[in-house]
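The values are calculated or read from the model by the stated rules, or taken from the named source; none is laboratory data. Everything quoted here is computed from the prediction, not taken from an experiment. Virtual Cβ from ideal backbone geometry, glycine too; neighbours counted across all protein chains shown. To get the accessible areas, we keep the full protein, side chains included, count just its heavy atoms, and leave off ligands, DNA and RNA. Shrake-Rupley method; radii C 1.70, N 1.55, O 1.52, S 1.80 Å.
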Amino acid sequence: MITSRPRIVDLSEVEPNRRRGGDLRAMLTPATVGSTSGFMGVAIVEPGERIGEHYHPYSEEFVYVVCGELEVDLDGVPHPLRPEQGLMIPAHMRHRFRNIGNVQARIVFHLGPLAPRPQLGHVDTEETEPAAEVGS
């Protein structure tokens, strides 16, 4: 049983999730640290990659751009995102992220409140092709 106590999670401890594009790592979650109000993670997006369009029916999403040059579509309208900028995405708003620069982009994301069940927290609105395996 996980209790409410501080826990440090290193990025290397979290397996990459590439199903929706990019390299998504949910680091501080109910499963990893016992959080009850939301979760936090990092998205690593290589040049030319994107995170497919989706929305969150129960949660607001807070995004902070650490590095790189991104474009985010919010309900189909593109907006530039630069390092040291933050963005709040309301619940139900469709969004996708694209790395439009020449270097890796990294964003920190936090979603809250939690959906009643994890499967209900994320709705994909477009298909994304899985990233090619290194060396294939």
Quick one: which residues, 5+ away or cross-chain, put their amide H under 5 Å from the amide H of Gly34? H built at 1.01 Å from N. Thr29
Taking His56, His92, His122 and ranking on accessible area (1.4 Å, protein atoms only), highest first, one gets His92, His122, His56
Ordering Thr29, Thr36, Thr125 by accessible area with a probe of 1.4 Å, largest first, what comes out? Thr36, Thr125, Thr29
All alpha-carbon distances of segment 25-93, grouped into 10 Å bins from 0, give the whole-percent distribution 17, 49, 30, 4
Per-residue ellipticity at 222 nm attributable to helices in the chain (runs of n ≥ 4 DSSP H, -39500 (n - 2.57) apiece, nearest 500 deg cm²/dmol) works out to -500 deg cm²/dmol
As a Kirkwood estimate from alpha-carbon pairs, segment 79-127 has a hydrodynamic radius in angstrom of 13.3 Å
Go through 42-52, 11-21, 108-118 and give me the packing order, highest mean Cβ count within 10 Å leading. 42-52, 108-118, 11-21
What is the distance, in nm, between label points placed 7 Å from the Cα along the Cα-to-Cβ direction at Glu127 and at Val42? 3.2 nm
If every Lys and Arg gets +1 and every Asp and Glu gets -1 at its Cβ, then about the Cα centre the chain yields a dipole, in debye to the nearest 20, of 460 debye
Once you wrap a convex hull around the alpha carbon atoms of the chain, what is its projected area averaged over all directions, in nm²? 8.9 nm²
Mark the label point 7 Å from the Cα of Glu15 along Cα→Cβ and return the residues of segment 22-50 whose backbone N is within less than 15 Å of it. 24-27, 31-32
Hey, if we sort Glu60, Glu126 by accessible area with the 1.4 Å probe, largest down, what's the order? Glu60, Glu126
Taking a crude spin-label model, label points 7 Å out from Cα along the C-beta direction, the Ala31 to Gln85 distance in nm is 3.2 nm
Just to be sure I understand the model, the point goes 7 Å from the Cα along the line to the Cβ. What's the resulting Ile8 to Cys67 distance in nm? 2.0 nm
Relative contact order, percent, the chain [alpha-carbon distance under 8 Å, six or more residues apart]: 30 percent
